[in-house]
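Input: a single structure, listed below in structure tokens.
The values are calculated or read from the model by the stated rules, or taken from the named source; none is laboratory data. What you see is a predicted model, and the numbers here were worked out from it, not measured in a lab. So basically every Cβ, Gly included, is an ideal-geometry build from the backbone, and we count neighbours across all protein chains shown.
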Amino acid sequence: MIFISINKNGDSIMTVDIVQKATRLIDNPGTTASIGLHEKNGDISVSAISSIKAEGLNVLWFSTNTTGRKANLIKKDNRVGVCYFTEQDNVSLSGTAEIVTDEKKKEEMWLDWFKNHYKDGPTDKDYCLVKVTVKHARLYVDGEAADFGLEV
């Protein structure tokens, strides 16, 4: 099966295989990803963030502190870049983020090891979710590269 994506030059073709491999790479609860956020002075800062779940390459879920720097920066400028990587593979995704504090969703996404950070469990007021809706993907997995936009 072939998945075809046209880049700006009109010449990008890739197999479904790279997308499936990239999805398997990122959909591992507890994986640490890097997230790039916009600082108020216009600079980009990159930091680690705890990955919870990936819905394909389209939607990514993370946890962070409600009162923390990441949540505050996202509230001011929700454009983000996220990167998952191993020694040989790289999955770089960009899009928009939102802070989610819905109690049902927080319970659904809760991982046991979060109790080390949020003493009151899923109802802890300082526990929130970051939902990233991906608009663009750049992949390098098993020696194959792809660069394409995702429809939202």
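Odds and ends about this structure:
- Consider the stretch 69-116 and keep the residues that are in contact (Cβ under 8 Å) with a residue 40 or more places away in the chain and touching an Asp or Glu at 6+ places or on another chain (Cβ under 8 Å). The one that is nearest to Ala146 (Cα to Cα) is Asp89.
- Residue within the stretch 87-106 that is part of a strand (DSSP E or B), more than 21 Å from Arg24 (Cα to Cα) and not β-branched (Val, Ile, Thr) present: yes
- Matching option when the condition is surrounded by 15 or more Cβ atoms within 10 Å (Cβ to Cβ), in contact with a helix residue (DSSP H, G or I) (Cβ under 7 Å, 6 or more places away or on another chain) and touching a residue at least 12 places away in the same chain (Cβ under 8 Å), among Asn65, Asn58: Asn65
- Any hit, the stretch 128-140, residues being touching an Asp or Glu at 6+ places or on another chain (Cβ under 8 Å), over 15 Å from Ala54 (Cα atoms) and part of a loop (DSSP other than H, G, I, E, B): no
- Residue count for the stretch 31-55 under the criterion of being at pLDDT below 90 and in contact with a helix residue (DSSP H, G or I) (Cβ under 7 Å, 6 or more places away or on another chain): the result is 1.
- Restricting the stretch 22-51 to residues that are touching a Gly at 6+ places or on another chain (Cβ under 8 Å) and of a type outside the set (A, V, I, L, M, F, W, C), the residue that is nearest to Leu139 (Cα to Cα): Thr23
- The set of residues from the stretch 2-30 being at pLDDT below 70 and out of contact with any Ser or Thr (no Cβ under 7 Å at 6 or more places or on another chain) comprises Ile4, Asn7, Lys8, Asn9, Gly10, Asp11, Ile13, Thr15.
- Residue list for the stretch 68-88, restricted to those being surrounded by fewer than 15 Cβ atoms within 10 Å (Cβ to Cβ) and either of a type in the set (Lys, Arg) or in contact with a strand residue (DSSP E or B) (Cβ under 6 Å, 6 or more places away or on another chain) (or both): Arg69, Lys75, Lys76, Asp77, Arg79
- Count of residues meeting criterion [among the charged types (D, E, K, R) and out of contact with any helix residue (DSSP H, G or I) (no Cβ under 9 Å at 6 or more places or on another chain)] in the stretch 76-101: 4
Residues are listed down the side, and each one gets a yes or a no for (1) under 21 Å from Asn90 (Cα atoms); (2) touching a strand residue (DSSP E or B) at 6+ places or on another chain (Cβ under 6 Å); (3) surrounded by 14 or more Cβ atoms within 10 Å (Cβ to Cβ):
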{"residue": "Asp112", "(1), (2), (3)": "no, no, no"}
{"residue": "Lys119", "(1), (2), (3)": "no, no, no"}
{"residue": "Asp124", "(1), (2), (3)": "no, no, yes"}
{"residue": "Lys135", "(1), (2), (3)": "yes, yes, yes"}
{"residue": "Gly149", "(1), (2), (3)": "yes, yes, yes"}
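- For the residues Asn72, Asn28, Asn41, the requirement of being under 16 Å from Met109 (Cβ atoms), of a type outside the set (A, V, I, L, M, F, W, C) and not in a strand (DSSP E or B) singles out Asn28.
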